[in-house]
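Working notes, structure below.
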Amino acid sequence: MSIFPLSIPAQVKIVEVGPRDGLQNEATPVNANDKIALIEKLTDAGIKYIESGSFVSPKWVPQMATSTEVFEKLNRVKEVTYAALTPNMRGFEAAMAVNANEVAIFGAASESFSQKNINCSIEESLARFTPIITAAKNANVKVRGYVSCVLGCPYEGDIPPEQVAKVAMKLYQMGCYEISLGDTIGVGTPANVTKMIQAVSTHVPMDKLAVHFHDTYGQALTNIYAALQMGITTVDSAIAGLGGCPYAQGASGNVATEDVVYMLNGLGIKTSINFNQLLEAGWFISEKLGKAPISKVSNAYLAKKLADKNS
Ligand code: HMG
Ligand code: MG
């Protein structure tokens, strides 16, 4: 008999967002070659889906200005999806010009956040996404949809689950194959995670949902565990806990991939990931940024490695 009171999935897919969601908010500039080296190390570690850049205004997010170079020079592995974030047709065309394997569009459950992040209302953003979805369909390219602020907004506070469900449902009906639910400011706890996923899953099938949790209040792993128990099998995370969101002040990084994989390994949940190589990728980018990883697991292994070396 399982030791777990509720079922958990046998396998989980990790969507690595560090090179995009992570690096878009790091103050220390990372050049294209180092971004490429990071993406290749993540690929070597066995990650099968890597959001590798975004085609947004460089005035809004200067850290992503090298995305064309990154996609052009990247040594790709056939089994890996190298995805890009695209806010409008111009971004989509730029992503297609460098053969991004997939694109992601990003809406929000909060009007104020939508205005601050992409300079338009939720309704206007959906209208902007429509031609992207049509063009992607014609080009045989899959589109992932994000909903930000699913558990709270930096400007509006609490967000009702029904509001999240409405936007998620629209993106799904428009043709997104998966909807990633973003706790952009990391305020959620298992109680409201459960309510929100319940509300969304009455409109979008559970196997078409992913969770995208930031760790601002230290709740991300607990929240992921709650989501896994509800049937979620796709988890977004960022190597070394990189990032935050430029339009969500105080939002710390995404949950660290190292922390998520450590937990999944402990639960006996399969991933395709080599844990030691994953740690190496995190240490590589942390060194480039001149800071320690925001991952307790990574720092614990680093301390152990240094102690072993000195003994
Ligand atoms: P806008 O000012 O409303 O639009 O920006 P615009 O059409 O007037 O364009 C403004 C300028 O951007 C113009 O340049 C355009 O040419 C240029 P200018 O004439 O001033 O020199 N421009 C572009 N440049 C490059 N690529 C493009 C592009 N489009 C226009 N595709 C826009 C609208 C959406 C462009 C802008 O608001 C923007 O780029 N926002 C980026 C927001 C962003 O990247 N946020 C972070 C990602 S979202 C996130 O992290 C949350 C997520 O992780 C989930 C979660 O955590 O919850 C997904
Ligand atoms: Mg994010």
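Read the figures in this text as sums done on the coordinates, not as results from a lab. As the structure is a computational prediction, the values presented were derived from the model and not from experiment. Cβ: placed from backbone, ideal geometry, glycine included. Neighbour counts: every protein chain shown.
Bin by bin, in steps of 20 Å, what percent of the Cα pairs in the chain do you find, going until the bin that has the longest distance?
Spelled out per bin, shortest first, that is 36, 60, 5, 0.
I'd like to know which of Leu151, Ala135, Asn192 lies farthest towards the positive end of the charge dipole of the range 81-218, counting +1 on Cβ of Lys and Arg and -1 on Cβ of Asp and Glu.
Ala135
Give me the net charge of Ser121's neighbourhood, meaning all other residues with Cβ under 14 Å from the Cβ of Ser121; Lys, Arg count +1, Asp, Glu -1.
The answer is 0.
Name the residues whose placed amide hydrogens come within less than 5 Å of the amide hydrogen of Cys153, ignoring near sequence neighbours (fewer than 5 apart) on the same chain.
So Cys153 has HN proximity to Asp158, Ile159.
I need the phi-derived Karplus couplings for the range 20-28: 6.51 cos²θ - 1.76 cosθ + 1.60, θ = phi - 60°, integer Hz, Gly and Pro marked x.
Whole-Hz 3J(HN,Hα) from phi for the range 20-28: 10, 4, x, 5, 5, 10, 8, 6, 6.
Could you work out the helix-only [θ] at 222 nm for the chain, with each DSSP H run of four or more residues adding -39,500 (n - 2.57) and the total divided by the number of residues, to the nearest 500 deg cm²/dmol?
On the way: 11 runs with 131 residues, N = 311.
Helices in the chain give a 222 nm mean residue ellipticity of -13000 deg cm²/dmol.
Anyone know which of Asn265, Asn101, Asn117 comes out most mobile in the 10 Å Cα GNM of the chain?
Most flexible of the set in this elastic network: Asn265.
Report, in listed order, any pair from Lys13/Lys208; Lys35/Lys305; Lys13/Lys170; Lys48/Lys73; Lys142/Lys170 with a Cα-Cα distance greater than 22 Å.
Check vs 22 Å cut-off fails for Lys35/Lys305; Lys13/Lys170.
What do you get for chymotrypsin sites (Phe, Trp or Tyr not before Pro) in the range 39-125 restricted to DSSP loop and a cutoff of at most 16 other Cβ within 10 Å of the site's Cβ?
Here the chymotrypsin sites (Phe, Trp or Tyr not before Pro) that fit, given the DSSP loop and packing criteria, are Trp60.
Percent antiparallel among DSSP beta bridges with both residues in the chain, to the nearest 5?
5 percent
Considering Cα pairs under 8 angstrom that are at least six residues apart, work out the relative contact order of the range 45-174 and quote it in whole percent.
The value is 21 percent.
What is the distance in Å between the Cα centroid of the range 75-115 and that of the range 290-311?
34 Å
Just to confirm a number: summing +1 for Lys and Arg and -1 for Asp and Glu over residues other than Asn33 whose beta-carbon lies under 15 angstrom from that of Asn33, what do you get?
-1
For the chain, the longest stretch holding no trypsin sites (Lys or Arg not before Pro) located in a DSSP loop with at most 13 other Cβ atoms within 10 Å is which?
Of all site-free stretches, the longest is 79-311.
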